[in-house]
Every structure is written in C-alpha cells, then in structure tokens.
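A short worksheet on the structure shown next.
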Amino acid sequence: MTPSFRLLGTRRFLPLFATQFLGAFNDNLFKQAMVLFATYTIYSDPKKEAAFNAVATGLFILPFFLLSALSGQLADAHDKARIIRLVKLAEIAIMIVGAAGLLMGMVPLMLAAILAMGIHSTFFGPIKYALLPQHLECDEVLGGTGLVEAGTYCAILAGTILAGLIDERLTAFLVIVIALLGFATSRSVPPAPPPGERPKLDLHIIRSSITLISGTMHIRRLFLAICAISFFWMIGAILIIQFPPLVKNVFTADKQVASLFLAIFSIGVAIGSVLINRLLAGRVSARFAPASVIAMAGALLLMGFSSHHWIPAPDGELYNLKDFVSHPGAPLAIVALFAISVTGGMFVVPLYAFLTTTVEVDHTARTVAANNIVNSGAMVLGAVIAIGMAAMGVPVQDALASVAVLCLFAAYLAWRLHCACDAHDAAECGKG
C-alpha cells in the first residue's frame with residue numbers, strides 16, 4: 001500500500017474523506033438529475049438547454065464569489081470540525097427542498113436548491129483543504145490532496161451514473177438519505193481548533209473579499225497558482241455546460257450517454273490526481289503542469305475532430321448507450337474525453353497543494369477562500385462565454401477549439417509558477 005492510500009486507514013483523514021465523498025456524490029446526483037430532467041424533458045431547444053445549464057452553473061458558483069471571504073475567516077477562527085457538522089446538517093434541509101423540486105417538476109425549487117448547495121459548498125470548501133496540513137505531515141499533504149480530489153471525482157462518477165439510471169422519485173429519496181449519512185460521518189472528523197490567534201471577523205463581504213485577495217495574491221507563488229487554477233475552472237465551466245448539449249445535439253445520444261461522458265470525465269480526473277502524486281513522489285511541484293494542460297488542449301482538439309466527423313442518428317432519433325458504444329466514431333470520442341480528464345487532474349492537483357503549503361497553517365482556510373473567490377469569478381466568466389457562444393449560434397465543436405486556446409494561457413501561468421519555485425522551496429512544501 002502506498003503512503004497516500006495508507007491515510008485512508010487513519011481517523012485523522014478517513015472521516016473527512018468520507019464526508020467529502022458523500023457530499024460530492026449527493027451534489028452531483030442531484031445536479032445531474034436536474035440537468036438531465038431539464039435537457040431531455042422540459043426543453044427541446046439547444047439554446048434553451050445551454051442557457052439553463054449556464055444559469056444553474058452560475059447560481060451554484062455565485063455564493064463562492066460573494067461568501068468565500070466570510071467562510072475562510074470562519075474556518076480559521078473556529079473549530080473546523082464543528083463547522084463541517086453544521087454545514088452537513090444544513091445539507092439535509094437543502095436536499096429536502098431539492099427533492100420537492102424533482103418530485104413536483106418545479107424548476108424554481110430545483111434552482112433554489114442549487115443556489116443553496118453553492119452556499120453549502122462555499123463554507124465546506126476551504127475547510128476540507130485547510131484541515132489537511134493541520135492533520136497531516138508535510139510530506140503527506142500532496143498525497144492527501146490527491147486522494148481528496150480522486151475521491152471527489154469518483155463520487156462525481158457514481159452520482160453522475162446513478163442520475164442517468166434512476167427516475168426523479170428515487171433520486172429525491174436518495175439525496176435526503178445520503179445527506180443524513182454525510183452528517184453521520186462528519187461527527188467523526190477529529191477536532192481542528194484554530195492553531196493560531198483567531199482573526200477578527202469582517203462581515204462586509206465586499207471589503208473582506210478585497211482584503212482577503214490582496215493579502216494573498218502578493219505572494220508570487222500563490223498568485224500564479226491561483227491564476228492557473230482559475231483558468232482551469234473557467235475551462236471546466238465551459239466544458240460542463242457544453243457536455244449535455246454536445247451529447248444530445250451533436251452525438252445525437254440519450255441521457256445515459258450524457259451520464260457516460262461525465263462518468264469518463266470523473267474517472268480520468270481521479271486517475272490523473274493519483275498519477276501526478278506518484279510522478280512527483282509526494283513533492284509539491286508544478287513541474288508537470290505545463291505539459292499536462294498542453295496535452296489537454298490537444299485532447300480537446302481531438303474531441304472537436306471526432307464530433308465534426310460524427311454520423312448522427314437517423315430520423316431525429318437518439319442513440320442509446322449500446323448503439324453509441326458500437327458507433328464507429330465512439331472510440332475516438334471516448335479516448336479524447338478520457339485524455340482531457342486525466343491531463344486536467346494532473347494539472348490542477350499540485351496547484352491546490354501549493355495553496356495549503358505556501359502559508360502558515362492558521363491562514364490556510366483564508367488562502368483557499370481567496371482562491372475560491374477568484375475561481376468563482378473565472379467560472380462565472382466561463383458560463384458567460386458559454387452563454388454568449390450559444391446565443392451567437394457557435395457550434396459546440398468550435399467552442400471546444402476556443403477552450404483549447406485557453407489551455408495555452410493556463411500552461412503559460414503554470415510554467416511561470418514552476419520557474420518561481422526552486423528545488424529548495426518544493427522540498428520544504430513551499431514554505432519560505
């Protein structure tokens with residue numbers, strides 16, 4: 001057993017991992033069920049489908065932009081384990097609302113639940129990363145970060161697949177049950193009181209956000225890491241918005257194939273998250289990040305090539321899962337999608353490790369929160385770009401090519417980050 005997987009047998013890591021896994025599973029089970037319901041049942045127009053997916057994505061991201069500063073301050077000022085339990089308790093109420101929306105087919109209720117889940121994730125996000133350097137040894141942080149990312153995308157995989165296999169009634173029941181399980185596992189997370197002096201809370205969301213970002217971004221390595229991560233999530237936002245319309249309108253396939261696409265994406269990111277830890281041998285470094293995201297750009301162009309040469313289903317029908325897999329163009333599309341996700345995981349995991357190892361332990365939650373603010377702005381920009389391209393009638397294939405160009409900017413930032421971190425900084429987990 002490798003050192004990183006050995007962490008799964010420890011109480012200082014396993015309860016957090018399980019709580020994060022269940023939360024990501026539940027989040028994506030509900031979101032995917034809602035998106036598939038809207039794409040295949042409510043709407044029948046590609047522009048409206050893309051617009052709905054963009055609105056849902058924007059509502060989920062908005063709390064990260066507005067409330068991350070407050071969440072980071074709270075996480076550094078209070079016991080993180082206690083905050084986790086409060087957040088998981090709130091998830092139960094949120095999923096009751098979301099379940100009602102699915103059962104009654106009410107889009108406003110479903111979107112309200114998505115917004116509330118964004119708030120939930122805003123307060124949970126800084127804690128899950130800030131706990132790692134507080135409970136793990138320095139040489140375990142990259143491995144722990146990789147496991148959290150791999151577990152997250154495995155949970156996304158499971159939730160995505162399940163959403164395509166079950167109906168709305170069973171989904172409504174399951175999301176409540178899983179929220180209850182998540183609260184149960186959160187009760188086993190070890191205490192994590194503030195390691196230093198408690199910061200004074202600033203409840204002014206605009207002023208505190210500006211203060212938080214300016215207090216973090218002056219550190220060159222953090223600035224470059226956050227910018228690179230933000231480019232990655234802008235790319236990710238565009239891709240996630242494009243996937244359901246791409247499957248339905250270009251690959252002319254049903255919702256099970258849409259789930260397959262997101263499942264392959266999740267498996268690939270999980271594999272990339274673990275693979276990069278093995279390649280770097282636990283050392284926090286951006287050495288492979290530029291090559292990874294350039295490879296991601298190539299895979300995106302390959303996906304565009306595959307979709308341009310796709311033979312659609314006849315007479316307006318949709319391929320089912322079996323017919324899609326047996327399609328002569330399917331292997332190329334699947335390989336391209338898998339390559340996109342593996343290289344994406346290899347790119348982003350070391351950058352997240354920089355966030356928690358470049359600053360002191362009592363500043364980690366605020367650092368992650370600052371990253372979330374910038375990331376959310378980038379994701380909102382990605383959603384706006386996706387809406388704009390859909391409104392202008394830009395084909396999905398051409399949209400993939402534009403995303404490949406964004407990967408080159410991310411590669412440039414990652415290269416600058418690699419150059420800014422010498423071997424001594426990496427060996428010391430970025431502290432200096």
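The values are calculated or read from the model by the stated rules, or taken from the named source; none is laboratory data. This is a predicted model, so every value here is computed, not measured. Ideal geometry is used to build each Cβ from the backbone, glycine not excepted, and the neighbour counts take in all protein chains shown. We work out accessible area using only protein heavy atoms, side chains counted, and drop any ligands, DNA or RNA first. Shrake-Rupley method; radii C 1.70, N 1.55, O 1.52, S 1.80 Å.
Using only the C-alpha atoms, the convex hull of region 83-182 corresponds to 92 Å³ per residue.
Taking all Cα-Cα distances within region 181-292, those exceeding 22 Å account for 64%. Protection proxy ranking, highest mean first, for peptides 5-12, 410-417: 410-417, 5-12, where packing is the per-residue count of other beta-carbon atoms within 10 Å, averaged. Where only DSSP H runs of four or more residues are counted, the chain gives -27000 deg cm²/dmol as its mean residue ellipticity at 222 nm, each run worth -39500 (n - 2.57). Quick note on region 140-239: its Rg to Rh ratio, both from C-alpha atoms and Rh being the Kirkwood radius, is 1.05.
Rolled with a 1.4 Å probe across the full set of protein chains, the surface gives His418 an accessible area near 50 Å². Amide H contacts of Ala253 (H built 1.01 Å from N, in plane; Pro and chain starts excluded): Lys248, Tyr319 sit under 5 Å, all sequence-distant by 5 or more or on other chains.
The share of Cα pairs per 10 Å bin across region 47-139, counted from zero up to the longest distance, runs 16, 39, 28, 13, 3 percent.
Total Lys pairs in the chain closer than 29 Å by alpha-carbon, pairs eight or more apart in sequence or interchain only? Going through the chain pair by pair, I get 25.
What label, among [x] 20.6, 67; [y] 20.9, 80; [z] 23.7, 93, belongs to Rg and Dmax of the Cα atoms in Å computed from the structure on display? After the calculation, the listed value that fits is [x].
Accessible surface of Glu149, taken over heavy atoms with a 1.4 Å probe and every protein chain present, rounds to 10 Å². Percent of Cα pairs in region 231-373 per distance bin of 10 Å, from zero to the largest separation: 11, 36, 28, 16, 7, 1, 0. When you restrict to C-alpha pairs under 8 Å that are six or more residues apart and normalise by the size of the chain, the relative contact order lands at 28 percent. Note that region 276-345 carries a Kirkwood radius of 14.0 Å, evaluated over its alpha carbons pair by pair.
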